[in-house]
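K.L.:
Here it is: the structure, laid out below.
The values are calculated or read from the model by the stated rules, or taken from the named source; none is laboratory data. Only a predicted model underlies this, so the values are computations on that prediction, with no experimental measurement involved. Reconstructed Cβ throughout: ideal geometry from the backbone, glycine too, with neighbour counts over all protein chains shown. The protein model used for the area step is the full one, side chains on, heavy atoms only, and it has no ligands, DNA or RNA in it. Shrake-Rupley method; radii C 1.70, N 1.55, O 1.52, S 1.80 Å.
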Amino acid sequence: GTAAGAAVDTWLDGPIDRYGDRHDDLSGGTSGLSPHLRWGCISARELEQRAMDRGGEGAAAFVRQLAWRDFYAHVLLHFPANARLEFQPRYRDLEWADDAELLAAWTAGRTGYPLVDAGMRQLAATGWMHNRARMVVGSFLTKDLHLDWRAGEAWFARMLLDGEPAQNNGNWQWIASTGVDPAPYFRRMFNPVLQQQKFDADGVYVRRWVPELRDVPGKRLAEPWTMSTEEQAAAGCVIGEDYPQPVVDHAQERQVAMERYRAAAGAA
């Protein structure tokens with residue numbers, strides 16, 4: 001409780017003011033309070049009140065995110081079957097791939113997509129992952145690798161310090177486009193290259209968690225497989241040896257995902 005209280009005080013004493021602008025910044029910007037909330041070391045209600053007392057746009061943005069905790073808790077309370085089943089019946093017949101090798105590449109952070117790998121390695125090393133990275137790795141698992149969201153949910157439950165069941169389930173169903181959120185499936189197919197260029201433009205996050213890419217030039221960092229042989233030698237990073245080739249082609253798999261979801265929705 002003491003550590004949680006100190007973390008809250010630090011967060012409310014300034015960083016929260018920039019939350020609206022910075023919470024998608026992969027190398028910082030979030031509160032990091034989710035493990036304390038998960039284990040009841042701080043109460044979401046108290047945190048909401050103190051943030052509102054602080055006031056400002058950053059605090060308002062933070063409280064909006066805090067509300068998702070309540071929302072998903074209520075969803076699971078009223079729809080306990082969500083723990084095992086897609087909330088939307090039309091997607092209960094989705095064809096999921098069964099590929100232990102691809103799942104292992106994802107869990108190990110060896111997919112060949114730097115942002116995906118950085119997120120998965122941050123999770124393995126710290127028991128936490130930035131929320132923007134969670135969305136990207138979740139989209140990659142379900143829409144690029146076509147692997148069952150329940151496999152991702154189970155891995156997160158095993159690894160996350162903040163892996164609260166209702167949040168974990170709600171967020172995995174959100175990213176798999178099977179949950180309570182009505183946005184169409186094609187809105188939530190994140191391109192890991194574009195996401196990295198947008199939210200880790202300076203490469204700080206990726207270079208920290210994927211050290212074999214440390215000396216790759218910034219312009220190649222989101223797509224290291226495009227480096228020439230000379231560039232790979234200069235960066236000390238041979239693709240296929242020091243760092244994997246991409247396990248799939250995002251553009252191709254996006255089309256496959258569109259067909260899978262369309263087929264499931266059409267059959268319902």
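K.L.:
Is there any pair with a first residue in the range 125-141 that is at negative phi and a second that is polar (S, T, N, Q) and open to solvent by less than 10 Å² (accessible area, probe 1.4 Å) whose Cβ atoms are under 9 Å apart and which are 6 or more apart or on different chains, and what are they?
P.N.:
Val136/Gln196; Val137/Thr111; Phe140/Thr111
K.L.:
Ok, one more. Return yes or no: is His74 of a type outside the set (Phe, Trp, Tyr), out of contact with any helix residue (DSSP H, G or I) (no Cβ under 6 Å at 6 or more places or on another chain), part of a helix (DSSP H, G or I) and under 19 Å from Asn171 (Cβ atoms)?
P.N.:
So His74 passes the test.
K.L.:
Go through the range 209-255 residue by residue and tally those that are part of a loop (DSSP other than H, G, I, E, B), open to solvent by 40 Å² or more (accessible area, probe 1.4 Å) and either at pLDDT below 95 or not hydrophobic (A, V, I, L, M, F, W, C) (or both).
P.N.:
Matching residues across the range 209-255 total 11.
K.L.:
Of the residues in the range 195-208, how many are in contact (Cβ under 8 Å) with a residue 24 or more places away in the chain, open to solvent by 50 Å² or more (accessible area, probe 1.4 Å) and either of a type outside the set (Lys, Arg) or part of a loop (DSSP other than H, G, I, E, B) (or both)?
P.N.:
3
K.L.:
Please indicate, with yes or no, whether at least one residue in the range 20-29 is touching a residue at least 24 places away in the same chain (Cβ under 8 Å), among the hydroxyl-bearing types (Ser, Thr, Tyr) and open to solvent by 40 Å² or more (accessible area, probe 1.4 Å).
P.N.:
yes
K.L.:
Among the residues of the range 67-90, what is the count of those that are open to solvent by 60 Å² or more (accessible area, probe 1.4 Å) and within 27 Å of Trp11 (Cβ to Cβ)?
P.N.:
Within the range 67-90, residues that are open to solvent by 60 Å² or more (accessible area, probe 1.4 Å) and within 27 Å of Trp11 (Cβ to Cβ) number 4.
K.L.:
Any chance you could count how many residues in the range 105-121 are open to solvent by less than 20 Å² (accessible area, probe 1.4 Å), in contact (Cβ under 8 Å) with a residue 24 or more places away in the chain and farther than 23 Å from Gly20 by Cα?
P.N.:
10
K.L.:
Report whether or not Arg64 is within 21 Å of the chain's Cα centre (by Cα), over 19 Å from Glu164 (Cα atoms), free of Cβ contacts under 8 Å to residues at least 12 places away in the same chain and open to solvent by 30 Å² or more (accessible area, probe 1.4 Å).
P.N.:
No.
K.L.:
Considering only the range 1-40, how many residues are out of contact with any helix residue (DSSP H, G or I) (no Cβ under 7 Å at 6 or more places or on another chain) and assigned to a helix (DSSP H, G or I)?
P.N.:
Number satisfying all stated conditions: 13.
K.L.:
Quick one: is Asp93 within 26 Å of Leu37 (Cβ to Cβ), more than 16 Å from the chain's Cα centre (by Cα), open to solvent by 50 Å² or more (accessible area, probe 1.4 Å) and not small (Gly, Ala, Ser)?
P.N.:
When the stated conditions are applied, Asp93 does not pass them.
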